[in-house]
Amino acid sequence: MALGRKNATRLPPEVNRILLVKNLPYSISAEEMYDIFGKYGAIRQIRIGNTPETKGTALVIYEDIFDAKNACDHLSGFNVCNRYLVVLYYQRNKQFKKADVDKKKEELDRLKAKYGLNTPKVK
């Protein structure tokens with residue numbers, strides 16, 4: 001009995017269908033992204049960053065995890081408009097970790113000010 005590629009290949013745990021693409025030209029369009037990434041499989045969605053924090057990045061969501069792995073393997077370092085793409089597997093926890101820490105620091109500072117706890121900062 002022949003095994004299909006999905007049963008025969010064991011993928012690392014960080015591999016998923018969503019790719020985070022960095023170092024994109026700010027002027028790239030969704031159509032150009034589909035042209036580049038669509039060669040590796042069916043794409044469900046592409047989200048291009050449009051805020052100052054997310055400009056130059058995009059999320060590419062594939063229908064199949066193996067297509068996403070193939071695209072990640074082949075497009076990391078790919079040259080687009082004299083910029084080399086950085087293609088990674090999207091991991092939500094890592095993306096929002098810094099934002100969560102900053103938010104908690106602000107809340108802690110607010111509570112310290114409210115209750116008059118001004119401790120000297122340690123260098």
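The values are calculated or read from the model by the stated rules, or taken from the named source; none is laboratory data. Everything numeric in this text was worked out from a predicted model, so none of it was measured. Note: ideal-geometry Cβ built from the backbone for every residue, glycine included; neighbour counts use all protein chains shown.
How many residues does segment 38-88 contain that are in contact (Cβ under 8 Å) with a residue 60 or more places away in the chain and closer than 20 Å to Arg17 by Cβ?
Adding up the residues that qualify gives 5.
Conditions first: (1) under 20 Å from Gln91 (Cα atoms); (2) part of a loop (DSSP other than H, G, I, E, B). Leu59 passes all but one, so which condition is the exception?
(2)
Would you point out which residue out of Asp102, Asp73, Asp64 is loosely packed, with under 11 Cβ neighbours inside 10 Å, within 24 Å of Ile28 (Cβ to Cβ) and either modelled with pLDDT under 90 or out of contact with any strand residue (DSSP E or B) (no Cβ under 8 Å at 6 or more places or on another chain) (or both)?
Exactly one of Asp102, Asp73, Asp64 is loosely packed, with under 11 Cβ neighbours inside 10 Å, within 24 Å of Ile28 (Cβ to Cβ) and either modelled with pLDDT under 90 or out of contact with any strand residue (DSSP E or B) (no Cβ under 8 Å at 6 or more places or on another chain) (or both), namely Asp73.
Answer with yes or no whether Ile28 is buried (at least 17 other Cβ atoms within 10 Å of the Cβ), without any contact (Cβ under 8 Å) to a residue 60 or more places away in the chain and in a strand (DSSP E or B).
no
Condition test on Asn82, is it under 16 Å from the mean Cα position of the chain (by Cα), loosely packed, with under 13 Cβ neighbours inside 10 Å and at pLDDT below 95?
It is false that Asn82 is under 16 Å from the mean Cα position of the chain (by Cα), loosely packed, with under 13 Cβ neighbours inside 10 Å and at pLDDT below 95.
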